[in-house]
1. Please work out the FRET efficiency for the pair residue 104 and residue 331, using the Cβ-Cβ distance as r and a Förster radius of 51 Å; give the result to the nearest 0.05.
2. Going by average Cβ density within 10 Å per residue, which order do the peptides 425-432, 329-336, 448-455 take, highest to lowest?
3. Any aspartates and glutamates with Cα under 18 Å of the residue 102 Cα? List them, leaving off those in the same chain fewer than 8 positions away.
4. To the nearest 0.05, how large is the calculated FRET efficiency for residue 428 and residue 351 if R₀ is 25 Å and r is the Cβ-Cβ distance?
5. Would you mind calculating the relative contact order of the stretch 420-504 from Cα pairs under 8 angstrom and at least 6 residues apart, reporting the percent as a whole number?
6. Within the stretch 74-116, report the trypsin sites (Lys or Arg not before Pro) that DSSP leaves as loop and that have at most 16 other Cβ atoms within 10 Å.
7. Tell me the relative contact order for the stretch 77-198 as a rounded percent, counting alpha carbon contacts under 8 Å between residues six or more apart.
8. Pull out the extension gain between residue 154 and residue 267, defined as 0.36 nm times the separation in residues minus the alpha carbon to alpha carbon distance; nm, one decimal.
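None of the figures in this text is laboratory data; all of them are computed from the coordinates on show. None of these values were measured; they are calculated from a predicted model. When we count neighbours, we look across all protein chains shown, and the Cβ atoms used for this are built from the backbone with ideal geometry, even at glycine.
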Amino acid sequence: MRWTDLRWTDLRWTVMGCIEALCSVDIPRMVERKSRLSLSSLTLVCGPVLLAAILLLAVTPEKHLSVYSTAANYSLPLVQRDRRDYVGLLEVLEPLGRVSAKSDGQRWRLRYNRVEGEFNASRMRVRIQGRDVDLPARFILENGRGLVPLSSLAALLPRFLGGPVTVHEDSGRLFIGSIATHFTASLAADNPPKLVFHFTTAVNPAVSTEPGALHMTFSREPLVAPALPTLTFGSKVIPSATYSESNGGAVITVISPVPLIASFSSDGRTVTISPSSTTTQTVVTPTGPTGTPLSAGNISTAAPSSGSRRYFAVIDASHGGDDRGETLSSTLFEKDVTVALARSLRQELESRGITVLDLRDSDGNLSLDQRAFLANTNHAAVYIALHATASGHGVRIYTALLPYGGDDRGPFHSWTTSQHAYLSLSQSAAADVANEFQKRQILVRALTAPLRPLNSVTTAALAVEVAPQGSDLTQLNAPDYQQLVTSAVATAIAADRDKLGAAQ
Ligand SMILES: [Zn+2]
């Protein structure tokens, strides 16, 4: 798929590779308190029926299908036709392999790798590789787009993919192959008690609290239910937790009469829930893998500016220290390539008269929240994170994918959706950077992904992920290729100087 398509479709992508590595490094978290509508004034004016309608509208987000596979995790919009949920079949298959579709009158042909399917508008029988498959409801052809009932995916997809799939129809979740994240919960008998969750893979849930409960919402992890949906712990402080699924996500709710906070371990697989000593917003102290507090002192060059100097661009060499990022070869780690890319980008920007703060110019530990904090407190006009990967070819430009429905219904943006107000500026800058790569005939794609810390940055923010052009991985470490990439980025940023600076 070309980047120009991606910008305009409602596809939401998470591409594997170093993105997974990045998301797994989830050291400190801020615990947000859910912002809620102020209802007291409304209650005086409106009747209870109208109030209920308002509440319903406020909490009913657009319906989505979350797809989990070893190739990619992504989310697609569901549409309602004939009082059923439908989904575009091409969109489901597109991130998984080579796919094309042709419509010809009432007929729609879909080709996925070497498998061909033939669909006819309003018919309930389709033909895949010469064999008939019955749908539970009619196939719909709309402007060349083939829509199938959500409940038909369990029958259709194995024919195309050659393997099993599991569809959770009610909650809009699709598992391709045997992919699942399991979890256990156990109460540690400390005083006060702590509830410790262990997950089989790194997780990155959105955390929110309300009186009596703490919610962890997993929108991108293939989390599956424990044997019993309600777990009880025999504690007055933390009596129980429940698991539920809805609209493409899974939610764990921990019940407690006292305010709770969640803290995340550095491996991303452990979440500890404990009583909060205060009912106000709480920041979990950042700690390194050994439990030692991290500070800006671990970083060689970065420090929040004292206000004496403003930087136009903040460059962030992703990973570092204990976090190697992707292992690109037996001798090459992503964390080292990103430092070299950052130095090159800094030179390219400075040679165009742009002031630069490079967050990491040595092999130090720097948490994702620290990166966002440094970008935000320096009031830069643009934040550019750098990644490198052995998978794919060319360059991918990411902008933030914010949680569905948004945690920001109130006047305050939560930490996880701080990027909200800057997203269109970020996307515009990303398009300009992508355009510059196209001019230089370097393969490029512009994507959105729930890529931390982009979502927490309060300025135009993008991540540039560099793959080799061909199969030669050593190109990632070659100064001429690095400069080819960074000069394209710098040219676009320099051309956007007025647009980006106006928002500074
Ligand atoms: Zn990375």
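1. Approximately 0.45, to the nearest 0.05.
2. 448-455, 425-432, 329-336
3. 5, 91, 94, 116, 118, 142
4. E(calc), rounded to 0.05, equals 0.55.
5. That works out to 40 percent.
6. Those satisfying the criteria are 83, 98, 114.
7. Averaging sequence separation for qualifying contacts and normalising by length gives 15 percent for the stretch 77-198.
8. 37.3 nm
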